[in-house]
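Here is the structure we will look at, set down as structure tokens.
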Amino acid sequence: MTLAQFDNGYWYTTELMGFAKTIGVPSANKLRKDELEKAIKLFLESGEVKNPTKRNLLNSGTKDVERGLSLDLPVVLYTNDKATKDFLEKEARQLVPGWKRKSGVRYRLNRWREEQIISGVKLTYADLVKEYVRLNQTEEPFARIPHGRYINFVSDFLAAEKGATREQAIEAWKKLKTLDVPKNYRSWVKSQSSKPR
């Protein structure tokens, strides 16, 4: 498989995990989709197999949520479960009553948390709540997620296709996934204009 073939395909996480395991990527079953893609692309470009992340993938022990979440609890073994999300929401509302959650904040909070921990910063859940509130209060749109093909496609489709519905965007995405082209709105538009009338 070439890098272009990989980029033009659409891969589910389970498929990426299987490929990563086959080529020998360490801890493939603990990697996020973007990390799996990064490892596979490196392999396709260079033949080199490397772990694409610096975060600790071997966490074991008592999860923070099992220790009882509180603002002064150090972040040791974070889990992205309902109880943790509910805790962050409840504490954020106490800091800023009436706030609304902004789309994409949880993803960005998790990447921020990982970066802090990799850098050696000792976090508490109070730190997480403050950053959660800050992210929710940002006025400017978030930068695009580099690997968020579906999210970016739907956003671009709805912005460009006047009066389009989310259902139409999803249908267009399903068609795009079957094509041997990059998975973005521009490629979808080209594929539509090249169709015989």
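The values are calculated or read from the model by the stated rules, or taken from the named source; none is laboratory data. Just so we're clear, the structure is a prediction, and the values are computed from it rather than from any experiment. Note that we place each Cβ from the backbone using ideal geometry, even for glycine, and neighbour counts take in every protein chain shown. Just so you know, the surface numbers come from the protein's heavy atoms only, side chains and all, with ligands and any DNA or RNA stripped out. Shrake-Rupley method; radii C 1.70, N 1.55, O 1.52, S 1.80 Å.
Placing a label point 7 Å from the Cα of R166 along the Cα-to-Cβ direction, the residues of segment 92-114 whose backbone N falls under 14 Å of that point are 103-104. Normalised per residue, the accessible area of the chain is 61 Å², obtained with a 1.4 Å probe and no contribution from ligands, DNA or RNA. Applying a DSSP loop filter and a limit of 10 other Cβ atoms within 10 Å to the chymotrypsin sites (Phe, Trp or Tyr not before Pro) in segment 1-48 leaves Y12.
Taking amide H as placed 1.01 Å from N in the peptide plane, T124 has its amide H under 5 Å from the amide H of V75, each at least 5 places away in sequence or on another chain. Listed by chain and number, the lysines placed with their C-alpha closer than 21 angstrom to that of K90 are K63, K82, K100, K102, K130; residues fewer than eight positions away on the same chain are left out.
Across segment 74-82, rounded Karplus estimates of 3J(HN,Hα) from the backbone phi angles (6.51 cos²θ - 1.76 cosθ + 1.60, θ = phi - 60°) give x, 7, 10, 10, 6, 10, 8, 9, 4 Hz, Gly and Pro being marked x. The peptide list 125-133, 149-157, put in order of mean Cβ contacts within 10 Å with the highest first, becomes 125-133, 149-157. Working note: Karplus 6.51/-1.76/1.60 with θ = phi - 60° gives segment 96-101 the couplings 9, x, x, 5, 10, 6 Hz, where Gly and Pro are set to x. A helix-only calculation puts the chain at -16500 deg cm²/dmol for mean residue ellipticity at 222 nm, using -39500 (n - 2.57) for each DSSP H run of at least four residues, averaged over all residues.
Across the chain, the relative contact order, built from alpha-carbon pairs under 8 Å that are at least six residues apart, equals 21 percent.
Classified by the C-alpha gyration tensor, segment 120-183 has a prolate form. Its axis ratio a/c, with a ≥ b ≥ c, is 1.5 or above, and a/b is larger than b/c. For segment 29-113, the gyration tensor built on C-alpha atoms gives an oblate shape. Its axis ratio a/c (a ≥ b ≥ c) is at least 1.5, and a/b is not larger than b/c. Here the contact order of segment 74-162, divided by its residue count and restricted to Cα pairs under 8 Å and six or more residues apart, works out to 36 percent.
What shape does the chain take by its C-alpha gyration tensor, where a ≥ b ≥ c are the square roots of the eigenvalues and a/c under 1.5 counts as rounded, a/b above b/c as prolate, and the rest as oblate? Judged from the Cα gyration tensor, the chain comes out oblate (a/c at least 1.5, b/c at or above a/b). Couplings 3J(HN,Hα) for segment 111-123, derived from phi with the Karplus relation 6.51 cos²θ - 1.76 cosθ + 1.60 (θ = phi - 60°), are 5, 4, 4, 4, 4, 4, 5, 4, 7, x, 6, 8, 9 Hz, where x marks Gly and Pro.
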